[in-house]
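Here, each number is a calculation from the coordinates, and none is a lab measurement. None of the values given here were measured: they were computed from a predicted structure. Here the Cβ is made from the backbone with ideal geometry for all residues, glycine too, and neighbour counts use every protein chain on show.
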Amino acid sequence: MAHPGAAKTEGGVTQVTMPQLGESVTEGQISRWLKQPGDEVKKYEALVEVITDKVNAEVPSPIAGKLVEIKVGEGETVAVGTVICTLSVSGEEPAAVDVGTPPEVAAPADASPSPQLVPAATPPPAPAAAPPAAPAAVAPATVAHSNGQPADRAGRASPAVRRLADEHGIDISQIQGSGLGGRVTKRNVDEFLASGAPARTALQPAPALAAPPAPVAAAAPAPPAMASGGDELVPLSPMRRAIAEHMVRSRQTSPHAWCATEIDMTSVVALRAAEKERFKAREGVDLTYVPFVIKAAVEALKSHPEMNATFTADGILRKKAINISVAIGLEDGLIVPVIHGADQLSISGLAHRLSDLATRARAGRLTVADVEGGTFCVNNPGTFGTILSAPIINQPQAGIMTMEAIVKRPVVLPGDDIGIRSMMFAGLSFDHRVLDGLQAAAFLGDVKRGLEALGPGTMIY
């Protein structure tokens, strides 16, 4: 369960904001409201499920009271610090006043034509002579928004939902909203797409302002992908969308470079074969190859602190703690929990920690603390048979290493003999702002030597 978002109580009303669910997380998506307006809630009882690119978490109530108003509908993505709901303190009735939008929260979606949320900005004061808001019974004017939709329906959707509809060429006024006050949510758009209903029939986008003609040599932008016979449009799950956004940000942030090495895993294979049955019977968890590789990576990080680092505007921040992020595949995506203090654990300890994180990740029981603080990442695509891969860096780390499939093949041995060995490639994507190829190759070289030094006599405890 997540820590509650920042809460402010005024006039008997407590505003609950979107919490920061992990390092570098700037926004979250409402997955599902667990309480509805009018429901009584206990202190620390879960109010809502929130999804980010790092974790799915429940946001608990900061007080005992009653849920008064939900301000952000299911499927909507908002910046950290945005008010998502209001509560009344237990035993008190909220004052009959408009609590307004606090300075740190972006303006409501229907008050701004911009499709982007602007976090933590203080809006200018409204003009003194601003006219009062029109009564709810008055039909709204059909002023066109930037996405070409009339204000009466497009205004009842978040910028992210309007943008999603526009990307798929959907007239949002065709969609019946199921959110608060008839707001159109992402789920409504996804269901509309899945229904196969035709896009943009009654309304067309408002024509764009005239722009100067593009140079002849400039390539025209690619048209949006259109479905044809037999194609299937699979709506993005919240996790898939969050991963996509995080990966794009990582590519745009870090200049990625890549190198790889080949490791003779024959001795590690023999060591695991000798221990795995006894280990399973004694410890109750499987002994896989992953803890062996993590152990070698941890030892190499001790000798190469520039790999266990983060780029900042003020310089390269070398982390004292060695916390290994481990990619774990889920049904609809991937999550990267963290083994904190990995340098303090034996191979056996790493195996236990991996088993615990994987079990809780697949059951949806990871906490925010489980995904925070990673300093270096290890990924295991080799379990699916890959032999070389170039992963994207998990921000704000400086590197991510892959362990590929362990494959038996003939190898030239000392003395020019030919032998059958169990070989594995290890790949490393690294942030070229933080370190260069020489340092990255030296790090991989130490990982290689560490693994090839293991054998049947190695202690795993």
**OP:** Scan the stretch 276-369 for GluC sites (Glu not before Pro) in coil per DSSP, keeping those whose Cβ has at most 15 other Cβ atoms within 10 Å, and list them by number.
**Re:** 331
Original post:
Which of the GluC sites (Glu not before Pro) found in the stretch 355-461 are loop residues per DSSP with 13 or fewer other Cβ atoms within 10 Å of their Cβ?
Top reply: none
Original post:
Can you list the lysines whose alpha carbon is less than 23 Å from that of residue 302, not counting same-chain residues fewer than 8 positions off?
Top reply: 319, 320, 448
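If you rank 189, 41 by fewest surrounding Cβ atoms within 10 Å, what's the result?
Details: 189 24, 41 20.
Ranked by crowding around the Cβ, least crowded first: 41, 189.
Before anything else, pin down the relative contact order of the stretch 268-372: Cα pairs under 8 Å, at least 6 apart, normalised by residue count, whole percent. Walk me through the numbers before you get to the answer.
Values: 113 pairs, mean separation 24.9, N = 105.
About 24 percent, as a whole number.
Exposure proxy check: 378, 411, 285 ranked by fewest other beta carbons within 10 Å?
Working: 378 26, 411 15, 285 18.
Ordered by Cβ neighbours within 10 Å, fewest first: 411, 285, 378.
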Original post:
If we count other beta carbons within 10 Å of each Cβ, what is the order of 39, 264, 166, fewest first?
Top reply: 39, 264, 166
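Given axes a ≥ b ≥ c from the Cα gyration tensor, I'd like to know whether the stretch 244-452 is rounded (a/c under 1.5), prolate (a/b larger than b/c) or oblate. Present the calculation step by step, with values, prior to reporting the outcome.
Details: a/c = 1.69, a/b = 1.18, b/c = 1.43.
It is oblate, given that a/c is not under 1.5 and a/b is not larger than b/c.
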Subject >> Sequence-distant lysines (8 or more away, or on other chains) whose Cα lies within less than 21 Å of residue 8 >> reply: 35, 42, 43, 66, 71
**OP:** Find how many whole Å separate the alpha carbon centroid of the stretch 309-341 from the alpha carbon centroid of the stretch 358-383.
**Re:** 9
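Could you pull out the trypsin sites (Lys or Arg not before Pro) across the stretch 317-397 that fall in loop regions by DSSP (anything but H, G, I, E, B) with no more than 11 other Cβ atoms inside 10 Å? Don't jump to the answer; show the numbers that get you there.
Details: sites: 318, 319, 320, 353, 360, 362, 365; in loops: 319, 320, 365.
Here the trypsin sites (Lys or Arg not before Pro) that fit, given the DSSP loop and packing criteria, are 320, 365.
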